[in-house]
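All remarks here apply to the structure that follows.
The values are calculated or read from the model by the stated rules, or taken from the named source; none is laboratory data. Note that the structure is predicted; figures quoted are calculated from it, not measured. Cβ sites come from the backbone with ideal geometry, for glycine too, and all protein chains shown count toward neighbours.
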Amino acid sequence: MTFLPLVENEVLKLWKRRRFRLVLLILVALIGIVVVGRVEGQRRFGSHKDWRIETQEQVARMRNWDRQGRLLETQRRWVRFEIARLQYHLDRNINPEEATGPLFARGFANFASYLLLHLLAIVFAADIVSSEFAEGTIKLLLTRPIGRGRVLASKLAALLLAVALTVLLGGVVAYAFGGLAWGYRGWDAPVLSGFRLVGETVDSSGVRAIPLWEDAVLVFGLAWFATATVGAIGFMTSVLLRSTAASMGTMFAALILGTILPRVAPTWEFQKYLFVTNLPLPDYYTGSPPPISGMDVPFSVAVLAVWALAALAVSFFVFARRDVLA
Amino acid sequence: MSGPDLSAEHLTKSFGSRVAVADVSFDVAAGEVFGFLGPNGAGKTTTIRMLVGLAHPDRGTVRIRGLDLARHFAQAMAHVGCIVESPDLYPYLTGRENLQHFARMLRGEAAARIPELSRLVALEERLDDRVSTYSLGMRQRLGIAQALLGAPDLLILDEPANGLDPAGIREIRRLVRTLAAERGIAVFVSSHLLSEVEQMCDRVAIIHRGRTLATGPVAELLSRSAKGFRILARPPERAAEVLSARLATPPEPDGPEAFLVSLPVEAIPEAVRALVASGVEVLGVERRASTLEDVFLEVTGGETV
């Protein structure tokens with residue numbers, strides 16, 4: 001008995017369930033709306049001013065905020081960071097805001113890593129095991145001449161495929177729509193990579209220019225990794241709770257907590273070990289400050305990897321042993 | 001293959017403090033239809049879940065063709081086709097897609113059997129419709145086709161008559177008998193319907209409150225509890241006296257002038273002569289066909305199914 005037919009089964013069920021197609025449709029629609037929104041915004045405020053003046057004004061404004069000292073700790077860190085970033089571009093005469101299709105595609109991975117991709121991953125993961133319990137088909141699935149571990153592994157493989165496909169499709173659609181709005185060329189444009197926050201100050205010593213496509217590959221890789229981790233944890237809740245609704249509810253609550261917690265309790269150090277806090281890592285890879293100071297990309301990758309592996313270990317352990325009484 | 005196709009040894013399962021199945025043992029041989037009879041909640045489904053590895057027994061062993069299910073799950077299950085509780089299939093897939101799905105989980109040429117099996121369960125014409133549009137009877141039949149995909153040596157069916165109309169039940173009965181007789185498949189059927197088990201099965205185990213109360217060939221169980229004959233006689237007091245003298249157990253009153261007696265048919269003329277000789281008027285002697293219901297009432301101490 002080879003493994004591939006089992007994965008084929010799981011992919012077939014995922015595809016036929018409509019849920020998958022609906023999610024992909026939501027993804028396409030959302031990206032479309034974001035593109036339209038940005039185009040409209042640009043039209044209204046136009047680029048009647050020289051971008052240099054605009055950027056210089058922006059820097060001056062932020063310096064002012066910083067001097068007044070009325071900013072929260074997290075805001076101050078972000079403001080100082082932005083000042084350094086914009087100054088860097090000004091010094092090299094690069095427009096930091098100029099949009100292109102490729103730039104928008106890379107940006108998709110950043111903005112989608114806060115919530116969107118993870119929500120979509122949960123929609124797949126929450127369902128993939130618990131729906132078999134809900135429909136009673138688990139009784140047929142687990143009475144085949146195939147060990148339970150292999151059955152679960154085939155579901156995990158299908159889930160990881162779906163997650164990868166979703167991230168990839170997001171990138172392709174963002175490029176297609178972004179290109180329509182701002183042109184398809186620009187994969188070779190230099191982007192600055194390597195900003196690092198060291199305590200209060202920005203360390204730009206490691207900053208270097210790399211082609212955008214190289215940067216995009218890395219960013220999408222990180223987005224995929226974070227999304228796959230959410231998938232693995234959602235997979236576990238699906239196994240443990242055996243109910244799609246309960247599993248989705250739990251995971252959504254966790255994700256929302258992850259977006260709130262760094263804002264309301266930025267000084268609580270421990271949260272950097274929670275998986276939700278580490279999810280926007282593509283964004284702080286490209287230069288945004290991390291949710292909690294002291295976090296960087298290797299740290300987040302390690303934390304997420306530990307969470308994912310632990311979730312999978314629990315899933316396989318429980319699934320192989322538990323009685324099926326559905 | 002020597003030995004039974006399916007053998008359950010001392011199966012025991014508790015949920016918390018509630019004992020669902022206690023020390024249940026039985027064997028099912030090739031070509032035999034074995035009925036597992038009991039009221040709802042008696043422990044039938046829990047037992048079946050243990051037979052197919054969905055639940056793990058606290059104590060006891062399941063062997064399928066000699067293979068210990070707990071240790072050689074995949075090899076053992078390669079011999080089994082089953083429906084547990086209800087024939088749940090994927091409602092958003094067509095009948096054919098469902099069968100293909102489960103065929104991919106089996107070794108060999110399972111997919112090649114789909115046309116033949118869909119003909120066998122009379123679903124050919126609806127095979128490319130979604131299962132969500134099927135009636136309960138059609139789902140039950142598709143479930144049976146699914147169970148037969150792997151050309152099993154052992155078929156385990158949980159309440160196969162559920163949701164079927166009388167014609168459908170007859171159909172299933174005929175199918176099960178054919179499979180056992182022509183292909184030598186061992187069939188394990190659970191049911192709470194006495195008449196169904198009586199007509200379909202060679203041997204029966206009666207389960208009640210998690211325990212098997214009686215196991216044996218249907219004919220033997222029926223004769224064991226046979227009340228045999230119903231005798232109408234007047235005056236009843238005198239008749240009871242005469243009959244008591246010739247019986248191991250006292251005659252059971254069954255109306256004002258009627259008694260049920262367990263006697264072999266050869267002993268009946270002699271009993272009638274004795275009654276007449278004692279001045280009892282014999283108004284009638286009827287042969288009474290006993291049913292599994294009688295057996296059931298007897299072994300459970302009067303609780304109905």
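Only one of A:L325, A:L241, A:L309 is closer than 30 Å to B:T47 by Cα, of a type outside the set (V, I, T) and surrounded by fewer than 17 Cβ atoms within 10 Å (Cβ to Cβ); which?
A:L325
Condition check: among the acidic types (D, E) and more than 14 Å from every other protein chain (Cβ to nearest Cβ). Does A:D323 satisfy that?
No; evaluated as a whole, the condition is false for this residue.
Could you check, for the range B:178-185, whether at least one of its residues is closer than 21 Å to B:E293 by Cβ and either surrounded by fewer than 18 Cβ atoms within 10 Å (Cβ to Cβ) or among the charged types (D, E, K, R) (or both)?
Among the residues of the range B:178-185, not one is closer than 21 Å to B:E293 by Cβ and either surrounded by fewer than 18 Cβ atoms within 10 Å (Cβ to Cβ) or among the charged types (D, E, K, R) (or both), which makes the answer no.
B:T61 - would you say it is of a type in the set (V, I, T) and surrounded by fewer than 21 Cβ atoms within 10 Å (Cβ to Cβ)?
yes
Residues that are at the interface with chain A (Cβ under 7 Å from one of its Cβ atoms): find the helices (runs of 4 or more DSSP H) completely inside the range B:73-134 holding 3 or more of those.
B:73-77
Only one of B:G108, B:G163, B:G150 is at pLDDT 90 or above, under 29 Å from A:R17 (Cβ atoms) and not hydrophobic (A, V, I, L, M, F, W, C); which?
It is B:G150.
Here is a list of conditions, (1) in contact with a Pro (Cβ under 9 Å, 6 or more places away or on another chain); (2) closer than 27 Å to A:R17 by Cβ, and A:L281 meets all of them except one; can you say which number that is?
(2) is the only condition that A:L281 fails.
Every residue in the range B:253-297 that is under 29 Å from the mean Cα position of the chain (by Cα) and part of a strand (DSSP E or B), please.
B:L260, B:V261, B:E286, B:R287
Is it fair to say B:D23 is surrounded by fewer than 16 Cβ atoms within 10 Å (Cβ to Cβ), in a strand (DSSP E or B) and of a type in the set (D, E)?
Spelling it out, B:D23 is indeed surrounded by fewer than 16 Cβ atoms within 10 Å (Cβ to Cβ), in a strand (DSSP E or B) and of a type in the set (D, E).
What residue, of A:E10, A:E40, A:E57, A:E98, is among the acidic types (D, E), touching a residue at least 12 places away in the same chain (Cβ under 8 Å) and away from chain B (no Cβ under 14 Å)?
Answer to the check: A:E98.
Has the range A:84-101 got any residue that is assigned to a helix (DSSP H, G or I), under 20 Å from the mean Cα position of the chain (by Cα) and crowded, with 20+ Cβ neighbours inside 10 Å?
Yes; the residues of the range A:84-101 include at least one that is assigned to a helix (DSSP H, G or I), under 20 Å from the mean Cα position of the chain (by Cα) and crowded, with 20+ Cβ neighbours inside 10 Å.
Examine the range A:57-74 for a residue that is among the β-branched types (V, I, T), surrounded by fewer than 18 Cβ atoms within 10 Å (Cβ to Cβ), at pLDDT below 80 and assigned to a helix (DSSP H, G or I), and state whether such a residue exists.
There is at least one residue in the range A:57-74 that is among the β-branched types (V, I, T), surrounded by fewer than 18 Cβ atoms within 10 Å (Cβ to Cβ), at pLDDT below 80 and assigned to a helix (DSSP H, G or I).
Kindly evaluate A:L156 against the criterion of being away from chain B (no Cβ under 14 Å) and at pLDDT 85 or above.
yes
List the pairs whose first member sits in the range A:263-290 and is at negative phi, whose second member is aromatic (F, W, Y), and whose Cβ atoms are under 7 Å apart, counting only residues at least 6 apart or on separate chains?
A:F275/A:W307; A:P280/A:Y114; A:P289/A:W78; A:P289/A:F81; A:P290/A:Y284
Please work out which one of (1) in contact with a Leu (Cβ under 7 Å, 6 or more places away or on another chain); (2) assigned to a loop (DSSP other than H, G, I, E, B); (3) within 14 Å of chain A (Cβ to nearest Cβ) is the condition B:A151 fails and give its number.
Here B:A151 clears every test but (1).
Mind checking which residues of the range B:19-45 are closer than 21 Å to A:T143 by Cα and free of Cβ contacts under 8 Å to residues at least 60 places away in the same chain?
B:D27
Residues in the range B:51-72 that are more than 9 Å from chain A (Cβ to nearest Cβ) and aliphatic (A, V, I, L, M): how many?
Residues flagged as more than 9 Å from chain A (Cβ to nearest Cβ) and aliphatic (A, V, I, L, M) within the range B:51-72 amount to 6.
Residues checked against (1) surrounded by fewer than 23 Cβ atoms within 10 Å (Cβ to Cβ); (2) touching a residue at least 60 places away in the same chain (Cβ under 8 Å); (3) more than 23 Å from B:R65 (Cα to Cα); (4) charged (D, E, K, R):
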site	(1), (2), (3), (4)
B:P115	yes, no, yes, no
B:L148	yes, yes, no, no
B:I169	yes, no, yes, no
B:S195	yes, yes, yes, no
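Of all residues in the range A:135-180, which are crowded, with 21+ Cβ neighbours inside 10 Å, part of a loop (DSSP other than H, G, I, E, B) and in contact (Cβ under 8 Å) with a residue 40 or more places away in the chain?
If the condition is that a residue be crowded, with 21+ Cβ neighbours inside 10 Å, part of a loop (DSSP other than H, G, I, E, B) and in contact (Cβ under 8 Å) with a residue 40 or more places away in the chain, then A:L142, A:I146 are the ones that fit.
Scan the range B:220-232 and give yes if some residue there is buried (at least 22 other Cβ atoms within 10 Å of the Cβ) and of a type in the set (S, T, Y), otherwise no.
no
What single numbered condition from (1) under 14 Å from A:F177 (Cβ atoms); (2) modelled with pLDDT of 80 or more; (3) polar (S, T, N, Q) fails to hold for A:T100?
Of (1) under 14 Å from A:F177 (Cβ atoms); (2) modelled with pLDDT of 80 or more; (3) polar (S, T, N, Q), only one is false for A:T100: (2).
Every residue in the range A:105-134 that is among the hydroxyl-bearing types (S, T, Y) and surrounded by fewer than 24 Cβ atoms within 10 Å (Cβ to Cβ), please.
Of everything in the range A:105-134, those that are among the hydroxyl-bearing types (S, T, Y) and surrounded by fewer than 24 Cβ atoms within 10 Å (Cβ to Cβ) turn out to be A:Y114, A:S131.
Consider B:S25 carefully, then state whether it is over 16 Å from B:I207 (Cα atoms) and either touching a Lys or Arg at 6+ places or on another chain (Cβ under 7 Å) or more than 14 Å from every other protein chain (Cβ to nearest Cβ) (or both).
Here the answer is no, as B:S25 does not meet what is asked.
Going residue by residue through the range B:98-112, is there one that turns out to be in contact with a helix residue (DSSP H, G or I) (Cβ under 9 Å, 6 or more places away or on another chain) and more than 17 Å from B:L149 (Cβ to Cβ)?
no
Looking at the range B:168-200, which of its residues are more than 23 Å from B:G150 (Cα to Cα), assigned to a loop (DSSP other than H, G, I, E, B) and touching a strand residue (DSSP E or B) at 6+ places or on another chain (Cβ under 8 Å)?
B:H192
Here are B:A30, B:A42: which of them is crowded, with 24+ Cβ neighbours inside 10 Å, away from chain A (no Cβ under 14 Å) and part of a loop (DSSP other than H, G, I, E, B)?
B:A42
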